[in-house]
Amino acid sequence: MANSENRLRLVSDSDAHLRSIIAKLEENRTALVECANPETAQIVALAILQLRMRLHRLGDSDLRSLCHAMLREEERHPKDRRSTGRGSGWPTSLE
């Protein structure tokens, strides 16, 4: 029983550490956008995405499925995304 509790605490501590790193990276991404460094901000956004996937225990196949679903939705409603200005493909927040 104690071993199980220790494992849960370690996972919780690790998750908290990842959340802290993600928060710092989000601050840095925002600063990069404000300083007109969009390409670097996109690279940081990818790092945030990778860490969030790890935090939520999602694999590459989960991301691939999401991307395919988003592409299918884009094919069904191509004008909707362009008219709202959301067509860049880069999220403003990676929750």
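Observations, loosely collected:
- log₁₀ of I(q)/I(0) at q = 0.20 Å⁻¹ - segment 2-84, Debye sum with one point per alpha carbon: -1.02
- Residue 68 versus residue 50: modelled label distance in nm, points set 7 Å from Cα along the beta carbon direction: 2.4 nm
Every read-out reported here was derived from the displayed coordinates using simple, explicitly stated rules and does not represent laboratory data. These numbers were taken from a predicted model, which means no experiment stands behind them. We place every Cβ from the backbone using ideal geometry, glycine too, and count neighbours over all the protein chains shown.
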